[in-house]
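These notes concern the structure reproduced below.
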Amino acid sequence: MSISQGSLFEQSPAQPRLVRREAITDEGLKHFQDAYPGQSISKKDLFYYVYGILHSEDYRQRYADTLRKELPRIPRVKTYEAFKAFSDAGRRLGEMHVHFDTQPIYEGVKVDTGNTRPSPEDYRVTQMKYGKGKDKTVLHYNDRITVTGIPLEAYEYVVNGKPALDWVVERQCVKTDKASGIVNDANDWAIETMNNPRYPLELFLRVITVSLETMKIVKSLPALEILDT
């Protein structure tokens with residue numbers, strides 16, 4: 001069974017206001033409620049169940065070929081207990097991933113600032129780089145600041161084929177678009193929008209937390225035992 005993700009907000013032409021429309025149909029909800037008689041399952045429970053299932057390593061491996069060709073199909077697991085475990089995990093993952101930039105800063109690394117107290121200007125980033133020989137336990141944030149002791153397990157959390165931390169390294173930089181000549185400067189966003197010149201560095205440290213916690217939850221998911229054949 002295939003299910004659309006979440007809820008949609010649309011602006012009605014006849015009535016200029018936001019209208020909430022559920023992307024999970026009543027039929028889709030009933031399909032899962034029928035599998036677990038006597039249990040209370042809401043559309044929100046089902047949404048987070050889907051999010052949890054999509055993080056299951058068993059699911060990704062079992063349906064790897066299909067997932068390359070079409071939209072994911074969401075199976076019903078054999079027991080309500082398993083359904084709830086996936087839903088609860090999906091809820092924790094969803095909350096963390098939506099609010100990724102407010103997660104706790106990971107404190108298990110050493111941030112070397114050259115034994116000086118950095119000024120706001122010292123947090124300016126141009127292009128972060130990993131250590132010599134692509135040593136990913138080390139990050140050269142800029143010429144003044146180096147992060148060491150990055151746990152390699154954090155790179156296990158992959159988003160769209162790439163570790164989440166790599167996305168931060170690639171996007172939090174100063175880059176000129178070749179076609180338009182527009183300069184995308186992460187420092188401008190940090191200062192003007194976030195009011196925090198340390199934002200790019202702190203984001204990297206927060207995403208370490210997100211990555212480790214994500215993998216902790218993923219590895220605690222139950223085995224994928226499917227009710228549907």
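The values are calculated or read from the model by the stated rules, or taken from the named source; none is laboratory data. Bear in mind the structure is a predicted one, so any value in this text is a computation, not a measurement. Methodologically, a virtual Cβ is constructed for each residue, glycine included, from the backbone with ideal geometry; neighbour enumeration extends over all protein chains shown. For the accessible areas, the whole protein counts, side chains as well, though only heavy atoms, and no ligand, DNA or RNA atoms are used. Shrake-Rupley method; radii C 1.70, N 1.55, O 1.52, S 1.80 Å.
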* Structure fact -> Scanning region 114-152 for residues that are part of a loop (DSSP other than H, G, I, E, B) and polar (S, T, N, Q), the one surrounded by the fewest Cβ atoms within 10 Å (Cβ to Cβ) turns out to be 115
* For region 65-105, which residues satisfy the criterion of being in contact with a strand residue (DSSP E or B) (Cβ under 9 Å, 6 or more places away or on another chain) and either small (Gly, Ala, Ser) or without any contact (Cβ under 8 Å) to a residue 40 or more places away in the chain (or both)? -> 85
* How do the pairs read when you match residues in region 123-135 that are under 29 Å from residue 194 (Cβ atoms) with residues anywhere that are part of a strand (DSSP E or B) and open to solvent by 100 Å² or more (accessible area, probe 1.4 Å), using Cβ under 9 Å and keeping only pairs 6 or more apart or on different chains? -> 127/175
* Asked: With (1) surrounded by fewer than 16 Cβ atoms within 10 Å (Cβ to Cβ); (2) in contact with a helix residue (DSSP H, G or I) (Cβ under 8 Å, 6 or more places away or on another chain); (3) free of Cβ contacts under 8 Å to residues at least 24 places away in the same chain; (4) not aromatic (Phe, Trp, Tyr) as the list, and residue 30 as the residue in question, which single condition is left unmet?
  -> (2)
* Asked: Out of region 42-83, which residues are surrounded by fewer than 18 Cβ atoms within 10 Å (Cβ to Cβ), under 18 Å from residue 30 (Cα atoms), within 21 Å of the chain's Cα centre (by Cα) and modelled with pLDDT of 95 or more?
  -> 44
* Asked: Considering 190, 223, which residue is in a helix (DSSP H, G or I), of a type in the set (Gly, Ala, Ser) and over 17 Å from residue 104 (Cα atoms)?
  -> 190
